[in-house]
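Structure, as structure tokens:
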Ligand code: OSB
Ligand code: MG
């Protein structure tokens, strides 16, 4: 694969409804898309940063900078055997996992198309459909939350995750549990609590939750180990796990019993496979998280979710939950038993709507391989 051309663009998309987490409200997305061309094949990746550095340290603008000034110049013109080599190529750039993942994943799409197989198969996936859950943002009151849960259960979703923050937590979860005693239910605090809240967090043990996601600081594995030893509810780490070494530390320290795997957070498919394989060896269940992606990021999430140890329903849900019109065709749809069928076509397996993407684009730039000028 000779990397002949890289296109970077920012698109603007408005979520159908604002999504509230403990760190703020998200409505207007600014998403970077990466298109890479190699040997006449086009591959697509999405950068899953937020607009603000509130979930992790990256933003759409830091990713624009890092891709423009460091990643694209390193990758353009390179001859690669496999997409898995990209990680090594970018080794000298510290952090910025989401920026790296946007580029690496586009090259995975190309490799799969070159080989004439689906991306899921290239990654080592073994499922032909993936199990889906939903992540519900914080609601004004518990009645509205209960109604939202009911609606998603009717659509077939297999697991409901509730976003929580101090003051909008125990009462809300209790209300949902009272009405739905048997559903798979979890909570996600996005680092809204401190070690001093351990007694409050212990009260969640009454709700028979599948897991409690990232209650403490975004970068504090050690504090989660101390908390896990006091809770029956399994802790699931999200923000804390940026690569396989973090995953190893967290598992060995007993900081979590489940891992949320997000492609962007671990630098792309290669990093995700390493965390997946480690979790497999240590018998720690993993599942695929979401970052309110457009169809391109969502399609990559579908592909990675086919690996065998993605053994719990992920936050990969239907395009229509987020967007009036998604940028891929067909859109991602969920069956009434809460699954997404995995496309069998070569590569990502969804067509990219170029005209729509063009219309949503607010800025773009591109890199061309330097051709030798005949003398
Ligand atoms: O912590 O999983 C999270 C959205 C933005 C930032 C962080 C998170 C989330 C979600 C939404 O929970 C998942 C989705 O539906 O894409
Ligand atoms: Mg989370």
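A few comments on the model shown:
- Residues that are more than 23 Å from residue 297 (Cα to Cα) and part of a helix (DSSP H, G or I), drawn from segment 244-256: 245, 246, 248, 249, 250, 251, 252, 253
- Lone qualifier among 138, 170 - being at negative phi, buried (at least 16 other Cβ atoms within 10 Å of the Cβ) and within 16 Å of ligand 2 (Cβ to nearest atom): 138
- Taken together, 333, 293, 329, 325 contain a single residue that is under 21 Å from residue 357 (Cβ atoms) and without any contact (Cβ under 8 Å) to a residue 24 or more places away in the chain, which is 333.
- Count of segment 64-79 residues, restricted to those that are in contact with a strand residue (DSSP E or B) (Cβ under 8 Å, 6 or more places away or on another chain) and either farther than 15 Å from residue 101 by Cα or within 16 Å of ligand 2 (Cβ to nearest atom) (or both), is 5.
- Within the set 297, 254, the sole residue that is under 25 Å from residue 88 (Cα atoms) and either crowded, with 23+ Cβ neighbours inside 10 Å or touching a helix residue (DSSP H, G or I) at 6+ places or on another chain (Cβ under 8 Å) (or both) turns out to be 297.
- Among residues that are more than 14 Å from ligand 1 (Cβ to nearest atom) and out of contact with any helix residue (DSSP H, G or I) (no Cβ under 9 Å at 6 or more places or on another chain), residue 165 is not included.
- Residue count for segment 199-220, restricted to those that are within 16 Å of ligand 2 (Cβ to nearest atom) and surrounded by fewer than 20 Cβ atoms within 10 Å (Cβ to Cβ): 4
- Selection status of residue 176, over 19 Å from residue 16 (Cα atoms), in a helix (DSSP H, G or I) and either free of Cβ contacts under 8 Å to residues at least 24 places away in the same chain or in contact with a strand residue (DSSP E or B) (Cβ under 8 Å, 6 or more places away or on another chain) (or both): yes
- Test: residue in segment 213-234 that is more than 14 Å from the chain's Cα centre (by Cα), within 16 Å of ligand 1 (Cβ to nearest atom), touching a residue at least 60 places away in the same chain (Cβ under 8 Å) and closer than 30 Å to residue 13 by Cβ: yes
- Lone qualifier among 241, 160, 259 - being part of a loop (DSSP other than H, G, I, E, B) and within 22 Å of the chain's Cα centre (by Cα): 241
- Scan segment 174-187 for residues that are away from ligand 2 (no atom under 16 Å from the Cβ) and either closer than 17 Å to residue 238 by Cβ or touching a helix residue (DSSP H, G or I) at 6+ places or on another chain (Cβ under 8 Å) (or both) and the total you get is 7.
- Residue within segment 218-229 that is touching a helix residue (DSSP H, G or I) at 6+ places or on another chain (Cβ under 8 Å) and in a loop (DSSP other than H, G, I, E, B) present: no
- Residues of segment 306-331 that turn out to be under 19 Å from residue 12 (Cα atoms), touching a helix residue (DSSP H, G or I) at 6+ places or on another chain (Cβ under 7 Å) and within 12 Å of ligand 1 (Cβ to nearest atom), as a count: 1
- Residue in segment 264-271 that is within 13 Å of ligand 1 (Cβ to nearest atom), surrounded by 21 or more Cβ atoms within 10 Å (Cβ to Cβ), touching a residue at least 12 places away in the same chain (Cβ under 8 Å) and under 24 Å from residue 93 (Cβ atoms) present: yes
- Members of segment 64-113 that are surrounded by fewer than 23 Cβ atoms within 10 Å (Cβ to Cβ), out of contact with any helix residue (DSSP H, G or I) (no Cβ under 6 Å at 6 or more places or on another chain) and within 29 Å of residue 26 (Cα to Cα): 64, 65, 68, 69, 70, 72, 94, 95
- Answer residue from segment 7-63, given it is in contact with a helix residue (DSSP H, G or I) (Cβ under 8 Å, 6 or more places away or on another chain) and within 16 Å of ligand 2 (Cβ to nearest atom) and is nearest to residue 319 (Cα to Cα) among those: 48
- Filtering segment 21-39 for residues that are modelled with pLDDT under 95, surrounded by fewer than 17 Cβ atoms within 10 Å (Cβ to Cβ) and more than 14 Å from residue 103 (Cα to Cα) leaves a non-empty set.
- Test result for residue 16, within 16 Å of ligand 1 (Cβ to nearest atom) and surrounded by fewer than 19 Cβ atoms within 10 Å (Cβ to Cβ): yes
The values are calculated or read from the model by the stated rules, or taken from the named source; none is laboratory data. Please read these numbers as outputs of a predicted model, since none were measured by experiment. Methodologically, a virtual Cβ is constructed for each residue, glycine included, from the backbone with ideal geometry; neighbour enumeration extends over all protein chains shown.
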